[in-house]
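What follows is calculated from the coordinates using simple rules that are stated; it is not laboratory data. Every value quoted in this text rests on a predicted model; they were computed, and no experiment measured them. Because the Cβ atoms are built from the backbone with ideal geometry, glycine has one as well, and the counts that use them run over all protein chains shown.
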Amino acid sequence: MANHKSALKRVRQTETRNERNRYQSKTARNAVRKLRTLTDKKEAEKLLPEVNSMLDKLAKNNQIHKNKASNLKSSVKRHVNALK
């Protein structure tokens, strides 16, 4: 276990950041999953900007690679465009 005050603080910070990162990643994954299951075009178009924003934020914080975010955004957009 850590002995220095600074090391104890780092442990606390790491736990907080891990929780936040896990929450953001899981929320974005669930949003993408939800968007892919939608069949109503209006509802999907309403949700699309929110999902894109989530993916961009994950990429900005290096939680996912920027190319992965781009690929996910592209595939989701294709799905929305294919809806009637």
Practice task
Determine which single condition residue 40 fails, assuming it passes every other condition in (1) in contact (Cβ under 8 Å) with a residue 12 or more places away in the chain; (2) within 27 Å of residue 18 (Cα to Cα).
Solution key: (2)
Handout entry: Which listed residue, of 25, 75, is surrounded by 10 or more Cβ atoms within 10 Å (Cβ to Cβ), of a type in the set (S, T, N, Q) and in contact with a helix residue (DSSP H, G or I) (Cβ under 7 Å, 6 or more places away or on another chain)
Key = 25
Exercise for the section: Could you please tell me which pairs satisfy a Cβ distance under 8 Å, a separation of 6+ or placement on different chains, a first residue in segment 49-69 that is under 19 Å from residue 79 (Cβ atoms) and free of Cβ contacts under 8 Å to residues at least 12 places away in the same chain, and a second residue that is among the aliphatic types (A, V, I, L, M) and surrounded by 13 or more Cβ atoms within 10 Å (Cβ to Cβ)? Expected result: 68/59
Handout entry: Odd one out for residue 60 among (1) under 11 Å from the mean Cα position of the chain (by Cα); (2) surrounded by 12 or more Cβ atoms within 10 Å (Cβ to Cβ)
Key = (2)
